[in-house]
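Throughout, read-outs are computed from the coordinates displayed, never taken from laboratory work. Because the structure is predicted, anything quoted here is derived from the model rather than measured. Cβ coordinates were reconstructed from backbone atoms using ideal geometry, including for glycine residues, and neighbour counts include every protein chain displayed.
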Amino acid sequence: MNLPNKLTVARLCALPILMVCFAGNSKVALWGTFAIFVAASFTDFLDGKIARSRNLVTALGKFLDPLADKALVSTVLVYFVAMGYAHPVAVIVVLIREFVVSGVRMAAVTKGTVIAANIYGKIKTLFQMVSIGTILGFRAIDLGFSWLPMVSNICCWISAALTLASGATYVVDNREVFKED
């Protein structure tokens, strides 16, 4: 397994630790949640950069990288719903898109094709990771930001809109996957 794929697997392995930190309510847990999320998000940037610059792009990486991104973002969004930081409908839109895109990818694999993430999916993921990281950072600082849940909800609705747009583009661009042989 090459370095980019190891970074992707590390991102997946960080999820249980992230969940433990989210379950806590101490300053250490809040900062741990922020630090783990930021570090995991950074591995997404880093694994792609290394894979492209060193010509280490693999079918496994094309499959695992978006899966790790979805798992990371979805985990936090579910916690945000529980905390009142995200509207359930916005999160359901995000989750449904992720299932649809995963379905398209699985259908493509059965035809011997691996579909990489497109630019719209990358923009969506970047927005999600930056906004979530920022919200987690402000939450850890905890200076009585009464506006934080509202801003978080707005970011989640923007994320849902980006998610719908990128998902529709993904399905349309890869519609040949569904054609009969």
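Assorted remarks:
- Residues that are closer than 15 Å to Ala117 by Cβ and among the aromatic types (Phe, Trp, Tyr) within the range 41-93 comprise Phe45, Phe63, listed in sequence order.
- Exactly one residue out of Leu60, Leu95, Leu148 is under 20 Å from Cys13 (Cα atoms) and in contact with a helix residue (DSSP H, G or I) (Cβ under 7 Å, 6 or more places away or on another chain), and it is Leu60.
- If you go through the range 132-181 and keep only what is under 30 Å from Lys27 (Cα atoms), among the charged types (D, E, K, R) and assigned to a helix (DSSP H, G or I), you end up with just Arg139.
- Of all residues in the range 127-157, those satisfying the criterion of being out of contact with any Ser or Thr (no Cβ under 7 Å at 6 or more places or on another chain) and closer than 19 Å to Phe99 by Cα are Cys156, Trp157.
- Checking each residue of the range 70-89 against the condition of being buried (at least 21 other Cβ atoms within 10 Å of the Cβ) and among the hydroxyl-bearing types (Ser, Thr, Tyr) gives at least one match.
- Any hit, the range 25-32, residues being assigned to a helix (DSSP H, G or I), of a type outside the set (S, T, N, Q), in contact with a Phe, Trp or Tyr (Cβ under 9 Å, 6 or more places away or on another chain) and surrounded by fewer than 16 Cβ atoms within 10 Å (Cβ to Cβ): yes
- Flag if Arg52 is among the charged types (D, E, K, R), surrounded by 14 or more Cβ atoms within 10 Å (Cβ to Cβ) and assigned to a helix (DSSP H, G or I): no
- Filter result for Gly167 (farther than 30 Å from Gly32 by Cα, under 14 Å from the mean Cα position of the chain (by Cα) and in contact (Cβ under 8 Å) with a residue 60 or more places away in the chain): yes
- When the criteria are applied in full, Thr134 fails the requirement of being surrounded by 14 or more Cβ atoms within 10 Å (Cβ to Cβ) and touching a residue at least 24 places away in the same chain (Cβ under 8 Å).
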